[in-house]
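> Just passing along the structure, written as structure tokens.
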Amino acid sequence: MEDSESIATARLLTQALSNTVTSNQNLVAALWETYLSLPEDQVILMKLLAKSAIGVRICISLLDDMLKLFEADEESEGGKAFNVGYAIFTRLIEEGTVPDLYKKFTMPDEIITPHQTTLLKLVDSYLQSIQLDISTTPEVAILQTHVSLGPFLAKRFFTLSNYAQTSMQKALGNGKASPSSGKGIGGSSSPSLPSLSSGCHTQSGTPAELDVMLPKVCEALVLVTQCVTTIALEAEEHKGVQFAEGSVASISNMKDFFIDVRYSSQGLIENLIETLRLLDLFLPRIYFGKPVPSSAAAPTQPMAPKVDPTGFLYVKRDLVRLLGALAHESRGVQDRTRNANGIPVVMNLCVIDERNPFLREHALFTLHNLLKNNPENQAIVDAIRPAAELDDAGVLKNKFGALKIK
């Protein structure tokens, strides 16, 4: 449907179908049931939703309505309408239209838009809902959806993570941005990227104004990270499994895809570790409602700006969880984490943080995967000794100089 004549014909036929089913509930019900059972290559209406300008506007309206109906009772008319909308977007995801829709939801000078965030929520929900049971024969089409989403999710991870790094560096007073901070995969510049060249602290050490887009970026980064983790865990679980339709070795290597993917000579592992390091400095952990400065912060470092926790929930936990999933039985990830000075970063996260439930447990699990059968990484941990007492929550009583390398 790339030429104008095909588009005009499709528009005419779609309008004719719309006129036919209007006010005919029996026909609507019959056609909807039939349509949902069609093979993927015949799901034309779904493709029209993602490809045409009118279709994109319909998708935006659907997302707006679904947000309003999200808390509606499932048996109510609103709940049923939400389920219909969810079914439509499920088919759109399975048709591989997510990258196109995400791009069409872009707004000028916005790194992330509300409709893009909602779309990521639906993708995350879809991936969580189709957890496959290895005791049954999984549908290869579902795993193929994982493969089609992989490059899109990797691109989103780098773009959002790089933006977050640059914003946090600015807020923390770092006058030099990382080399890859201004671009996403493919070399396109991220809109509204903060500049670090002018400095961001006064002589008195007052923190710079917080980038208003950073909470929204971190919220989207959490969703992307959860999607990547789900796909990587599924790939690990089904590695080498033979399905009825043949071998899916390429599908089972999606974990390896995320391990190997790189942008501007930086891998996802190194990028993730740098983001975690900055988050540990930028977002003090919360214990009994009070912020506790990171043990990695230097005594002379300017204080981080006070931030609203909205948008920053779970970001540390999910990032360290992804690192643990990728490090499982992977000597390459173990060594790259050590070379990126990531082991002390993970150790600093082995604490209670009310903003990140179960952060300590996920950090400990990640640390286990990083140390398993790796003497070099174990030596790093052995060389680190606490220079102050820890309380029951794993928080240092002495705020600074908590860790020293012998």
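> With respect to ILE44, determine if the residue is open to solvent by 50 Å² or more (accessible area, probe 1.4 Å) and at pLDDT below 90.
yes
> Quick one: what pairs do we get from segment 373-385, first residue of a type in the set (A, V, I, L, M, F, W, C), second in a loop (DSSP other than H, G, I, E, B), C-beta under 6 Å, 6+ apart or different chains?
Between residues of segment 373-385 that are of a type in the set (A, V, I, L, M, F, W, C) and residues that are in a loop (DSSP other than H, G, I, E, B), the close pairs are ALA383/LYS406.
> Just to be sure, is SER161 among the polar types (S, T, N, Q) and open to solvent by less than 10 Å² (accessible area, probe 1.4 Å)? Before you say what the answer is, go through the steps one by one.
Details: among the polar types (S, T, N, Q): yes; open to solvent by less than 10 Å² (accessible area, probe 1.4 Å): yes.
For SER161, the condition - among the polar types (S, T, N, Q) and open to solvent by less than 10 Å² (accessible area, probe 1.4 Å) - is met.
> Take the residues in segment 88-130 that are assigned to a loop (DSSP other than H, G, I, E, B), of a type in the set (Val, Ile, Thr) and closer than 23 Å to GLU33 by Cα; name whichever of them is modelled with the highest pLDDT. Quick ask: steps written out before the conclusion?
Looking only at segment 88-130, we keep the residues that are assigned to a loop (DSSP other than H, G, I, E, B), and these are 95-97, 105-113, 130.
When the remaining residues are screened for being of a type in the set (Val, Ile, Thr), the result is 97, 106, 111-113, 130.
This time we only want the ones that are closer than 23 Å to GLU33 by Cα, so: 97, 130.
Details: THR97: 91, ILE130: 81.
Ranking the candidates gives THR97 first.
> Within the set of pairs 6+ apart or on separate chains, which have a first residue in segment 255-279 that is on the phi < 0 side of the Ramachandran plot, a second that is open to solvent by less than 10 Å² (accessible area, probe 1.4 Å) and of a type in the set (Asp, Glu), and C-beta atoms under 9 Å apart?
LYS255/GLU234
> If you don't mind, there's one more thing I want to ask. Residues of segment 326-341 being open to solvent by 40 Å² or more (accessible area, probe 1.4 Å) and within 20 Å of CYS227 (Cα to Cα), which ones?
The answer is HIS328, and nothing else.
> Would you point out the residue of segment 139-158, among those that are open to solvent by 10 Å² or more (accessible area, probe 1.4 Å) and either of a type in the set (A, V, I, L, M) or more than 19 Å from SER125 (Cα to Cα) (or both), that is modelled with the highest pLDDT?
So in segment 139-158, the residues open to solvent by 10 Å² or more (accessible area, probe 1.4 Å) come out as 139-142, 144, 147-148, 151-152, 155-156.
Within this subset, residues satisfying the condition of being either of a type in the set (A, V, I, L, M) or more than 19 Å from SER125 (Cα to Cα) (or both) are 140-142, 147, 155.
On the way: VAL140: 75, ALA141: 74, ILE142: 77, VAL147: 89, LYS155: 96.
Selected residue: LYS155.
> Quick one: in segment 87-132, of everything that is of a type in the set (Phe, Trp, Tyr) and touching a Phe, Trp or Tyr at 6+ places or on another chain (Cβ under 8 Å), which residue is surrounded by the most Cβ atoms within 10 Å (Cβ to Cβ)?
In the first step, residues of segment 87-132 are kept if they are of a type in the set (Phe, Trp, Tyr); the result is 89, 102, 105, 126.
So of that shortlist, the ones also touching a Phe, Trp or Tyr at 6+ places or on another chain (Cβ under 8 Å) come out as 89, 102, 126.
Values: PHE89: 24, TYR102: 19, TYR126: 21.
Residue satisfying both the conditions and the ranking: PHE89.
> Can you find a residue that is open to solvent by 70 Å² or more (accessible area, probe 1.4 Å), under 21 Å from LEU119 (Cβ atoms) and modelled with pLDDT of 70 or more anywhere in segment 7-15?
There is no residue in segment 7-15 that is open to solvent by 70 Å² or more (accessible area, probe 1.4 Å), under 21 Å from LEU119 (Cβ atoms) and modelled with pLDDT of 70 or more.
> Determine, yes or no, whether ALA249 is hydrophobic (A, V, I, L, M, F, W, C) and at pLDDT below 50. Reasoning before the result, please.
On the way: hydrophobic (A, V, I, L, M, F, W, C): yes; at pLDDT below 50: yes.
So ALA249 passes the test.
The values are calculated or read from the model by the stated rules, or taken from the named source; none is laboratory data. None of these values were measured; they are calculated from a predicted model. Please note: Cβ atoms are built from the backbone with ideal geometry, for glycine as well, and neighbour counts cover all protein chains shown. Surface accessibility is based on the protein's heavy atoms, side chains included, excluding ligands, DNA and RNA. Shrake-Rupley method; radii C 1.70, N 1.55, O 1.52, S 1.80 Å.
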